[in-house]
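Peer 1: What follows is a structure written as structure tokens; I'll ask about it next.
The values are calculated or read from the model by the stated rules, or taken from the named source; none is laboratory data. Note that this is a predicted model, so its numbers are computed, not measured. Every residue, glycine as well, gets a Cβ built from its backbone with ideal geometry; the counts of neighbours run over all protein chains shown. Note: areas computed on protein heavy atoms with side chains; ligands, DNA, RNA excluded. Shrake-Rupley method; radii C 1.70, N 1.55, O 1.52, S 1.80 Å.
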Amino acid sequence: MPIPRPTLWRSARRPALAAVAAAVVLVATSITGPATVAAADTTTPQWWNRGNIPLYSTTSVGGETAVMPDGSVRTYLAVSGKPGYLAEIDPFAGKVLRMLDLYVPNPASTEDPKDTGAAGAWGVSIDKRGTVFVSSYGFGHVYRLPWQATQLEDLGRPSPRTSFTWEGDTDNQGNFYIGTSEFFGPAPLPGGRLFGWSAETRTYRDYGDFGAQFGYVRSVEYAEGKIYAGLGQTTGLWQVDPNSGRRLAIAPPPGMATDKYAYQMEDEAGYLYVLFAGGTTASEGWVLDLKTLTWHDKIAGYAGQTLTSADQLGRVYLVADGELKRYDPKRKQLTGTGFRGGPEQSDKGGLGAGKAMGRMIDPATGHEAIIGGTSLSEVWRFDTVTGTGTFGPVAGLKGTQTAPRSLAAGPDGRIYAGGYFQGGLAVYDPATTTWAEYPFHHQIEGMAAHNGKMYFGVYPNAQLWEFDPAQPFSDSNPKFLFDLKSSGQERPWTVTSAGPYVAIGTSPKNSQNHGAVTLYDPVTGSLRTWTDGLVTGSNQISALTYRDGILYGGSLGCCNFDSTKSPGQVFAMDATSGDVLWSSTPLPSEQGVSGLAFDGQGRLFGMTYGTAFEVNPADGSLLRSQQYFAYNWPTVTNFQPRAVNMAWEPGDGKIYATNGTTRRIDPDTLLDLGPNYKVSFGALLAGPSKFYVQGTVLLEVKWY
């Protein structure tokens, strides 16, 4: 049975949209640089705006519930989007009271890059006066909402390099403490920093970094007069005096792997609850005794993100293994409630991470109620007296546009688009010019068709999922196949069909140095992974192509978390034996190779970002190259390999590529034939039409 193909824009969670504009701004550009742009063919390509890519979500990663100064209970969730927004919710009524964009325009700002609104927020904190602080990502701004204020205050970016502000906390004087990642600016990357915002002076105090090996001050908690700073990508936890700045290192729990982030923290009744996540092994939840600064207990299955206030016996409610449970730190006892969100949600894994959790009194019953939220902005309640609960969406919550993250042609002739974070799956049918949308809440980094199926490479932990387009979308289609967490891998940048195999090229986790090539056999279910011997230096595997039993790969070396830089390299591997036949560095000054393709004559072409080249497939030696524009690799700290797509088109014999713009390249001369349209990335399927992402729009260009 084929997948149903609903008409455009059908969704239960969709903002009201006007008709899509008929025209997209297409800029035909001549790129400056040493390359000569040849005259375009006499037949000008035709193009069509195929509409806004319908990737919408109500994803929230940060939230908090509190009793406000007037006695009412409010849940605040930070919903991701372009821009994201802060939703104020009445959790007992299950409805939105207001939504405030995480963006305060400031025409006078001289920030670089210029703020265009937060994409979302990991941190939401509420002080005893009802003031809400939001620590955002995208441009690293912190926002403040005093109780009963009608507008957000923008407290700005703590430093010029701040790109992420993570989970923070307030003290009793209305000061806010926050950790950052400092990813703006040129290489090398500095460590993350700890900041405090003063309610009195309305300025930031910089408490400094903790070393370049700690790129993330990932979580911050204020407890009993001290600041606690949780670090990553190497495990670190520090106590900091807010007045003197004096630091005290706290050793990680005994026996725990130290490639984890101190990811999330909460304090209650003399204990600090820490979720250690990331790395190559499972997450761990630990309890730190704040009097002795020793590790008191390990909580099995603890998922974070928040927990409730303690009762008179010091007990808290938290989520572990998808279930709401009560934890008694004195007895080191975890007791289940049986509540997992109801039968349907239980089948989906339960409550997930416990966001915006609070222990409140239900005004309708007078009973104690535990409130929480999910990553999809659902809200749940559990009555501790009756042992019953409710779970569901919030009335009035607005879905937000999710940035497209990946694009590929399917075996059914349709175009598949994946969204950032939990942005879903959208599929465009060129035959009917209609869209279908599916609730696949996973971030697809790379995908490809293989033997009638689609294979999705998903972040985190370099997961691979299989989707059968001939079957209905369901809870088991797509199905999860495996992940590469134990091999230290994170993002599946490139997925390709390789003879009998599905080949995956991945980036390493931030605590590791080497990307990997994985070959998966769908017939036998076997997989083989190589992390060593492919190229030299720290790297990510950013490009793959296959021909006659040989897998060819490209590496990215610009943006390693060990602060080293390596040239982009090309290698060839026998797909049967796994033997590396050769590796080469065709252009030593270029720090990435993110596109590879064979033409009909068996010539192997590649692309760095601004430069295309040809190498000998027998030994990788450089035959020729052509620069279209210069790219300043030494200053680059973050590069997305999806920006480079490359494929040979048998219909006209040209090579089609993307590198910030469309490219139509003559393989005999490497000249760009143009015209050039500004795009982010594309799906370069065989045939006259190619499909591209331009902002949030799908662009179809018929080239010949």
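Peer 1: Taking strands (runs of 3 or more DSSP E) that do not extend beyond region 145-239, which have at least 1 residues that are aromatic (Phe, Trp, Tyr)?
Peer 2: 176-181, 193-197, 204-209, 216-223, 226-232
Peer 1: Do we have any residue at all in region 403-420 that's β-branched (Val, Ile, Thr) and either surrounded by fewer than 22 Cβ atoms within 10 Å (Cβ to Cβ) or closer than 27 Å to GLY120 by Cα (or both)?
Peer 2: No, region 403-420 contains no residue that is β-branched (Val, Ile, Thr) and either surrounded by fewer than 22 Cβ atoms within 10 Å (Cβ to Cβ) or closer than 27 Å to GLY120 by Cα (or both).
Peer 1: Does THR335 count as in a strand (DSSP E or B) and hydroxyl-bearing (Ser, Thr, Tyr)? Don't jump to the end; show me each part of the working.
Peer 2: Numbers: in a strand (DSSP E or B): yes; hydroxyl-bearing (Ser, Thr, Tyr): yes.
Answer is yes for this residue.
Peer 1: While we're looking at this one, here's another question. Give the residues of region 184-237 that are open to solvent by less than 50 Å² (accessible area, probe 1.4 Å) and aromatic (Phe, Trp, Tyr), sorted by residue number.
Peer 2: Within region 184-237, PHE184, PHE195, TRP197, TYR207, PHE210, PHE214, TYR216, TYR222, TYR228 meet the criteria.
Peer 1: If you don't mind, another one. Please determine whether any residue of region 337-358 is among the β-branched types (Val, Ile, Thr), without any contact (Cβ under 8 Å) to a residue 12 or more places away in the chain and more than 25 Å from MET99 (Cβ to Cβ).
Peer 2: No: zero hits.
Peer 1: Also, quick follow-up: Residues in region 671-690: is at least one more than 19 Å from ASN49 (Cβ to Cβ) and among the hydroxyl-bearing types (Ser, Thr, Tyr)?
Peer 2: No: zero hits.
Peer 1: Please find, among LEU318, LEU313, LEU275, the residue that is not in a strand (DSSP E or B) and not hydroxyl-bearing (Ser, Thr, Tyr).
Peer 2: Just a single option satisfies the conditions, and that option is LEU313.
Peer 1: Select from region 74-117 the residues that are among the β-branched types (Val, Ile, Thr) and surrounded by fewer than 20 Cβ atoms within 10 Å (Cβ to Cβ) and write down the one among them that is farthest from VAL134 (Cα to Cα).
Peer 2: Top of the filtered list is THR110.
Peer 1: Being open to solvent by less than 30 Å² (accessible area, probe 1.4 Å) and part of a loop (DSSP other than H, G, I, E, B) is the filter here; which residues of region 588-617 pass it?
Peer 2: Filtering region 588-617 for residues open to solvent by less than 30 Å² (accessible area, probe 1.4 Å) gives 590-599, 602, 604-608, 610-615.
Of everything in region 588-617, those that are open to solvent by less than 30 Å² (accessible area, probe 1.4 Å) and part of a loop (DSSP other than H, G, I, E, B) turn out to be GLU590, GLN591, VAL593, SER594, ASP599, GLY602, THR608, GLY610.
Peer 1: Please enumerate the residues belonging to region 624-644 that are touching a strand residue (DSSP E or B) at 6+ places or on another chain (Cβ under 7 Å) and in a loop (DSSP other than H, G, I, E, B).
Peer 2: Hits for region 624-644 are TYR628, PHE639.
Peer 1: Right, here's the next one. I want to confirm something. Restricting to region 421-444 and keeping residues that are within 16 Å of the chain's Cα centre (by Cα) and of a type in the set (Phe, Trp, Tyr), which single residue is most open to solvent (accessible area, probe 1.4 Å)?
Peer 2: My answer is PHE421.
Peer 1: Now, a different point. Of the residues LYS298, LYS291, only one is in contact (Cβ under 8 Å) with a residue 12 or more places away in the chain, open to solvent by 30 Å² or more (accessible area, probe 1.4 Å) and either in a strand (DSSP E or B) or closer than 23 Å to SER486 by Cβ (or both); which?
Peer 2: Just a single option satisfies the conditions, and that option is LYS298.
Peer 1: So which residues in region 445-491 are open to solvent by 40 Å² or more (accessible area, probe 1.4 Å), in contact with a strand residue (DSSP E or B) (Cβ under 7 Å, 6 or more places away or on another chain) and not hydroxyl-bearing (Ser, Thr, Tyr), if there are any at all?
Peer 2: Passing the criteria: LYS453, PRO460, GLN471, PHE473, LYS479, PHE480, LEU481, ASP483, ARG491.
Peer 1: Could you list, in sequence order, the residues of region 240-269 that are part of a strand (DSSP E or B), of a type in the set (Ser, Thr, Tyr) and either over 21 Å from TYR327 (Cα atoms) or open to solvent by less than 10 Å² (accessible area, probe 1.4 Å) (or both)?
Peer 2: TYR261
Peer 1: Identify, by number, the condition in (1) open to solvent by 20 Å² or more (accessible area, probe 1.4 Å); (2) over 18 Å from the mean Cα position of the chain (by Cα) that ASP127 doesn't meet.
Peer 2: Only one criterion is unmet by ASP127, namely (1).
Peer 1: Follow-up. Name the single residue that is farthest from GLY554 (Cα to Cα) among those in region 622-648 being open to solvent by 50 Å² or more (accessible area, probe 1.4 Å) and polar (S, T, N, Q).
Peer 2: Among residues in region 622-648 that are open to solvent by 50 Å² or more (accessible area, probe 1.4 Å) and polar (S, T, N, Q), the one farthest from GLY554 (Cα to Cα) is THR635.
Peer 1: What number goes with the only condition from (1) at pLDDT 95 or above; (2) more than 30 Å from LEU97 (Cβ to Cβ) that PRO190 does not pass?
Peer 2: Of everything listed in (1) at pLDDT 95 or above; (2) more than 30 Å from LEU97 (Cβ to Cβ), PRO190 misses just condition (1).
Peer 1: In region 61-73, what residues are modelled with pLDDT of 95 or more, part of a strand (DSSP E or B) and open to solvent by less than 30 Å² (accessible area, probe 1.4 Å)? Quick ask: steps written out before the conclusion?
Peer 2: Restricting attention to region 61-73, the residues satisfying the condition of being modelled with pLDDT of 95 or more are 62-73.
Right, trim to part of a strand (DSSP E or B) and you get 62-67, 73.
Residues satisfying the conditions are GLY62, GLY63, THR65, ALA66, VAL73.
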